[in-house]
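These notes are about the structure you will find just below.
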Amino acid sequence: MRLGVNVPNFGPGTDPGVIRHWAQTVEGLGFDLLMVSDHVAITPDVAAKYPAPFYEPFTTLSWLAGVTTRVALGTTVLIVPYRHPLLVARMAANLNDLSGGRLVLGVGIGWARQEFEALGVAHDQRGRLTDEHLAAITAAWADERDYRGGVPIWVGGESPAALLRTVRFGQAWHPLWNTLPYLRETYPRVVALAAEQGVAAPALAPRIQLRVTPEPVTGTDRLAGVGTIEQIMDDLEELRVLGAETVVLDPFHGDPEQTLHPEASWEMLAAVIARRSGKERR
C-alpha cells in the first residue's frame, strides 16, 4: 500500500521556500505521493478555512516536478467546474508527460458558493458540470497523439451521485476524513455499484487525518488517523486489508496557524515512516 501526504499550499506560513521544503521532506522520508489543494478565487468563504496566499495547484505541481525526482504529484482535489475541461485535459496531460508520468488527478465538485459566483459558475449545477467536464477530459485524452493522457482520476465525494461519478470516471474513490466503520460500510457499495454498471471496481484511496495524540482516542466518531501512533498504524493496516491501494495522510487539521509551524507535521510524518519501517524489518 502506498502512502501519500497532503501538503498545505496555502496559509500565512506558506511561501515557495516552505513548499519546497515540504516536497523535499515528503520525498526524503520515502512517501510515494505528494498532493495539494485547489482554489482559484479566495473569497471570504474560502479565506475562512484556507487563507491567502493560495498557490494554484497546476503551477505549484509543475514547479515541484522540477525539484523532486521520484514522488508522485497530485490534486486533492481539483474543483472541476472552475476551468474549461479542455484546459484541464491539456494541463494535466502535459504535466504528467513532463514529470515522467507522476500525476494523479484527484477531482471534486467544490463547495464555496461565493467562489463559484466570483468565477461565474453556477453553484447549483456543479455536479452536472463536473460530470460533463470529466466526460470531455477523458474523451480528449483518447487522442494520444495530442493530449497523451493516461492520468489516473481519483473522485472525491460521498453522496450517491459522487459514488456513481467514481464508478463512471474514476480509477479510485478518494473520500476525505472518515471513520473506519464508514469506509468499511461504503467502499463495498462502490464495488457493488461498479459491478452493476459492468465496469472494473475503482480502487480505494482515502485521505485521512494525521493527528498523533499522547493518549488513545476512543469513541465511534474517531476519525481514521487520529490517536496514538499505535492506533494510526492499526488504522493503516485495516485500510490495507480493506483494499486501499493508497492512503493520503493529512496533517492539516483546519487551523491556518498550523502553516506557520510545519515542523510539527514533519515530525508526525517521520513517526509513521519509522513505525512502518520497523514493522517491515520484523
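When residues in segment 148-180 are screened for being under 21 Å from Val226 (Cβ atoms) and either modelled with pLDDT under 95 or assigned to a helix (DSSP H, G or I) (or both), 1 of them pass.
For segment 115-159: of the residues being of a type in the set (Gly, Ala, Ser) and in contact with an Asp or Glu (Cβ under 9 Å, 6 or more places away or on another chain), which is most open to solvent (accessible area, probe 1.4 Å)? For segment 115-159, the residue satisfying everything is Gly150.
Here Asn9 meets the list (1) open to solvent by less than 10 Å² (accessible area, probe 1.4 Å); (2) touching a Pro at 6+ places or on another chain (Cβ under 6 Å) almost entirely, failing just condition (2). Set side by side, the residues Ile229, Ile273, Ile208 differ, and just one is of a type in the set (A, V, I, L, M, F, W, C) and more than 26 Å from Leu105 (Cα to Cα), which is Ile229. Quick one: how many residues across segment 1-41 are of a type in the set (Val, Ile, Thr) and touching a helix residue (DSSP H, G or I) at 6+ places or on another chain (Cβ under 6 Å)? So the answer is 6. Applying the condition of being among the aliphatic types (A, V, I, L, M) and touching a helix residue (DSSP H, G or I) at 6+ places or on another chain (Cβ under 9 Å) to segment 132-145 and asking which residue is nearest to Ala162 (Cα to Cα) yields Leu134. Within the set of pairs 6 or more residues apart or between chains, which connect a residue that is under 13 Å from Val7 (Cα atoms) inside segment 42-64 to a residue that is polar (S, T, N, Q) and assigned to a loop (DSSP other than H, G, I, E, B) with Cβ atoms less than 6 Å apart? From residues that are under 13 Å from Val7 (Cα atoms), the pairs are Tyr55/Asn9; Thr60/Asn9. Out of Val26, Val71, Val80, one residue alone is β-branched (Val, Ile, Thr), farther than 24 Å from Leu3 by Cα, open to solvent by less than 30 Å² (accessible area, probe 1.4 Å) and touching a strand residue (DSSP E or B) at 6+ places or on another chain (Cβ under 8 Å). It is Val80. Pairing residues of segment 3-28 that are on the phi > 0 side of the Ramachandran plot and at pLDDT 95 or above with residues that are open to solvent by less than 30 Å² (accessible area, probe 1.4 Å) and assigned to a helix (DSSP H, G or I), at Cβ distances under 6 Å and at least 6 apart in sequence or on separate chains, gives Gly11/Pro256; Gly11/Thr259.
As for segment 219-235, it holds at least one residue that is out of contact with any His (no Cβ under 9 Å at 6 or more places or on another chain) and modelled with pLDDT under 95. In segment 235-282, of all residues being polar (S, T, N, Q) and assigned to a helix (DSSP H, G or I), the one that is nearest to Phe10 (Cα to Cα) corresponds to Thr259.
Residues that are open to solvent by 80 Å² or more (accessible area, probe 1.4 Å), in a loop (DSSP other than H, G, I, E, B) and within 30 Å of Ala264 (Cα to Cα) within segment 181-220 comprise Pro214, Glu215, Pro216, Thr218, Thr220, listed in sequence order.
Taking segment 16-131 and the helices (runs of 4 or more DSSP H) fully enclosed by it, the elements with 2 or more residues that are closer than 27 Å to Ala161 by Cα are at 44-47, 57-67, 85-98, 113-119.
The values are calculated or read from the model by the stated rules, or taken from the named source; none is laboratory data. All values reported here derive from a predicted model rather than from experimental measurement. With ideal geometry, Cβ positions are generated from the backbone for all residues, glycine too; neighbour counts draw on all protein chains shown. Ligands, DNA and RNA are stripped out before the accessible areas are found, and what is left, the full protein with its side chains, is counted by its heavy atoms. Shrake-Rupley method; radii C 1.70, N 1.55, O 1.52, S 1.80 Å.
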